[in-house]
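Peer 1: The structure follows.
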Amino acid sequence: MSALIPRSDEELYRLMKKGNQDAFAQLYARRVPALRRYALHTSGSPAIAEEVAHEVFLQLMSPNSRYDEAKGSLESFLYGIARNLVRVVRRQGPVEEAVDRAFEHDILGELISNEATAALHQTLRELPERYRDVVVLCDLEERSYEDVARLIGRPVGTVRSRLHRARALLSAKLKRLNAPVEVYSR
Amino acid sequence: MTCAERIGELVECARGRGSLGRELSAHLPGCAACAERFQAERELSQQLRTIQARGVALMAEDTRREVLMRDFADLHRRRPARPWVFAFGGATALFAAILVGNVAGRHAARHAPVPALRVKAPRTTQVVTYEASTDASELSSDDFTAVPYTPPLAPGELVRVVHADLYPEALASMGIDINPAWGDEIPTEVVVGEDGIPRAVRIIGPQGGTQSDDF
């Protein structure tokens, strides 16, 4: 009966540290998809997203893992590691393999790809980190303001105002892209 | 309600987190700025949904899971529980702490500073060495005064007589009565053991002979 009760991340983490591989697998299955997408949207590279998610869990299972339950949720800790790793990658220079280029060889990508989407994704990656994170978490991951506030350690009002500001920046960019090109004639 | 105050609600509606209220529905047809913003927000939401779908599709396949699970299994296979290691480590640390404390204590005792002996400057480089034939407490004579609370000299231990100018408080700490008229530096001869600890002291010069007379 107890096996049917879903365990919290923190409980799974404690079991995992004792060597319970099932707990590790559960935690991985629960958290890695969203982490991978977060890394994808913030880095722009599927390969980097894979690498970041992998590294997050390597750090988590390391004997030197510094997670402290008293300081916050495990999910918040995982996102913190992912954010730092993406930050390091971005500091190293432009990402070569962008999402849009990766999609060039993908049927779905070819079907839905268009210039505006590609430009929007590029603009999203160029946003300041505090705006980019809330767009990715609130709009792309569809997390609630309360969840995101907990994940990034900011008040709900701050998350909401950052999202509105970020969307205004993105809308302005889209508007510029969609504006007709002016042709000057003599 | 102003247009600026309506923006928040417009954004949430465009995100699909609510429906336009009666007030907002009535406002939009008459306000070009709000209508334009609402349209822009809806287009943005549409584009973001496309990006979201692409992200989900692109990240659907996880190629690293098996590698990570294998790493986890390897990590915990290489680290079996060995409580005796901790017990042994603790005992070793305790033994090392005792050893270091013992050695440090001996070293400190050997190089203990002369009790309250502040030397202004050696008055002379001449050092006369004698072999002690008696205990430090018996070094007192008409001239020398034994320094109290010092360890006894070992039989056959060599002592040196060092000429030095001492501050009055240094002499006072050795049990010598001080005359305030003597000044800041008092020429003395100090009997020092091999361990550097003074065993007896004698005031030389004009004050020396009159010490007892002054009190």
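The values are calculated or read from the model by the stated rules, or taken from the named source; none is laboratory data. In this text, all values refer to a predicted model and were calculated from it rather than measured experimentally. Methodologically, a virtual Cβ is constructed for each residue, glycine included, from the backbone with ideal geometry; neighbour enumeration extends over all protein chains shown. Just the protein is used for accessible areas: all its heavy atoms, side chains included, with ligands, DNA and RNA removed. Shrake-Rupley method; radii C 1.70, N 1.55, O 1.52, S 1.80 Å.
Peer 1: What is the distance, in nm, between label points placed 7 Å from the Cα along the Cα-to-Cβ direction at B:MET69 and at A:ARG91?
Peer 2: It works out to 3.5 nm between the two label points.
Peer 1: With all protein chains present, calculate the accessible area of B:SER25 using a 1.4 Å probe and round the result to the nearest 10 Å².
Peer 2: 60 Å²
Peer 1: Do you know the relative contact order of the stretch A:113-178, to the nearest whole percent, from alpha carbon pairs under 8 angstrom that are 6+ apart? Please report the intermediate quantities before stating the final value.
Peer 2: On the way: 42 pairs, mean separation 27.1, N = 66.
Over the stretch A:113-178, the number comes to 41 percent.
Peer 1: While we're on this one: Loop only per DSSP, at most 15 neighbouring Cβ atoms within 10 Å: give me the trypsin sites (Lys or Arg not before Pro) in the stretch A:29-85, ordered by residue number.
Peer 2: Listed in order of number, the matching sites are A:ARG66.
Peer 1: For q values of 0.12, 0.21 Å⁻¹, compute log₁₀ I(q)/I(0) with the Debye formula on a Cα-only model of the stretch A:113-178, without solvent.
Peer 2: -0.30, -0.80
Peer 1: Net charge around B:VAL191, counting only other residues with Cβ within less than 9 Å of its Cβ (Lys, Arg = +1; Asp, Glu = -1)?
Peer 2: Numbers: positive: B:ARG160, B:ARG199, B:ARG202; negative: B:GLU189.
Net of charged neighbours comes to +2.
Peer 1: Still on this structure: Taking θ as phi - 60°, what are the ³J(HN,Hα) couplings along the stretch B:166-178 by the Karplus curve (6.51, -1.76, 1.60), each to the nearest whole Hz, with x for Gly and Pro?
Peer 2: These are the phi-based 3J(HN,Hα) values: 10, 6, x, 5, 5, 5, 4, 5, 8, x, 8, 6, 10 Hz.
Peer 1: Next up: Over all residues in A:59-67, what is the mean tally of Cβ atoms on other chains that come within 10 Å of each residue's Cβ? Intermediate values should be presented prior to the final figure.
Peer 2: Details: counts 0, 2, 5, 1, 2, 0, 0, 0, 0.
Average neighbour count from other chains, rounded to a whole number: 1.
Peer 1: Let a ≥ b ≥ c be the square roots of the eigenvalues of the Cα gyration tensor of the stretch B:3-58; is it rounded (a/c under 1.5), or, if not, prolate (a/b larger than b/c) or oblate?
Peer 2: On the way: a/c = 3.32, a/b = 2.41, b/c = 1.38.
It comes out prolate by the Cα gyration axes.
Peer 1: Let me ask something else about it. Please give the average number of partner chain Cβ atoms lying within 10 Å of the Cβ of each residue in B:39-51, rounded to a whole number.
Peer 2: Working: counts 1, 8, 5, 1, 6, 11, 2, 2, 10, 12, 3, 7, 14.
Whole-number average of other-chain Cβ neighbours for B:39-51 is 6.
Peer 1: Once you average over the residues of A:162-175, how many Cβ atoms of partner chains fall within 10 Å of each Cβ? Intermediate results must be reported in sequence, preceding the final value.
Peer 2: On the way: counts 0, 3, 7, 0, 0, 8, 6, 0, 5, 11, 2, 1, 4, 4.
The per-residue average across the peptide is 4.
Peer 1: If you don't mind, there's one more thing I want to ask. Over the stretch A:7-99, what is the relative contact order in whole percent, taking alpha-carbon pairs under 8 Å and six or more residues apart?
Peer 2: Values: 74 pairs, mean separation 31.2, N = 93.
Once normalised by length, the contact order is 34 percent.
Peer 1: While we're on this one: I need the phi-derived Karplus couplings for the stretch A:158-164: 6.51 cos²θ - 1.76 cosθ + 1.60, θ = phi - 60°, integer Hz, Gly and Pro marked x.
Peer 2: 5, 4, 5, 5, 5, 5, 5
Peer 1: Between B:ARG77 and B:ARG22, what's the calculated FRET efficiency when r is the beta-carbon distance and R0 is 45 Å? Round to 0.05.
Peer 2: On the way: r = 66 Å, r/R0 = 1.46.
It comes to 0.10.
Peer 1: While we're on this one: Using label points projected 7 Å from each Cα along Cα→Cβ, tell me how many nm separate A:ILE5 and A:ASN64, to one decimal.
Peer 2: 3.7 nm
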